[in-house]
1. Would you rank TRP100, TRP10, TRP107 by solvent-accessible area, highest first, keeping every protein chain in place and using a 1.4 Å probe?
2. Any chance you could run the full-extension gain for GLU123 through VAL167? It's 0.36 nm times the residue separation minus the Cα-Cα distance, nm to one decimal.
3. Work out, step by step, the length gained on full extension between HIS40 and ALA109: first 0.36 nm times the residue separation, then minus their alpha carbon distance; give nm to one decimal.
4. What is the distance, in nm, between label points placed 7 Å from the Cα along the Cα-to-Cβ direction at LEU130 and at GLU59?
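The values are calculated or read from the model by the stated rules, or taken from the named source; none is laboratory data. Just so it is clear, the model here is predicted, and its values are computed rather than measured. Note: ideal-geometry Cβ built from the backbone for every residue, glycine included; neighbour counts use all protein chains shown. These accessible areas exclude ligands, DNA and RNA; they are computed on the full protein's heavy atoms, side chains included. Shrake-Rupley method; radii C 1.70, N 1.55, O 1.52, S 1.80 Å.
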Amino acid sequence: MDTLIAIDPWVETFATRLRQNGADVVLDKWNLPMGEDRFHFMERAVMTAAFVLVICTPEYAAKANDRTGGVGYEATIITPHIANRTENRKFIPILRSGDWSTSLPVWIAARRGADLSGNPYSETEFAELLRTLHREAAQAPALGPPPSFTEPTAETPPEFRVRPPIVSQP
């Protein structure tokens, strides 16, 4: 499984960690030899990768939305893929800085992504991203029996009463 990551200064460490966890990352620094056409490299990588991780920052979003520079060209490659296959989970936004409303280009804003904006970033978010890249869905907890919708009495077994909400501990 190949995973293409769009370019950002922080990316190499992130890509190395993904590789250490079994994701075969394609990165220009590692896979684009000097003298090769970088635009053709981007086109080929987007076409063949199982996933494309788009590292999102406010600066990236501005360039992508304005279609300027390499980021703008990247946007012109990715946009038709998203438009033609709206159910496709191939393109995953990775929030690196800013917030979801200012850092995602319009063409990927509807996609659910991973929030890796902290320093250090969230291990929970990173683990969920790895599950996605390895196509290993998280398992939902077991389904309990339906509650009784009548007023419980002392004789109503506890397993048939409405269960209180679960309060998660930080």
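1. TRP100, TRP10, TRP107
2. Going from the current span to full extension adds 13.8 nm.
3. 22.3 nm
4. The two pseudo-label positions are separated by 2.9 nm.
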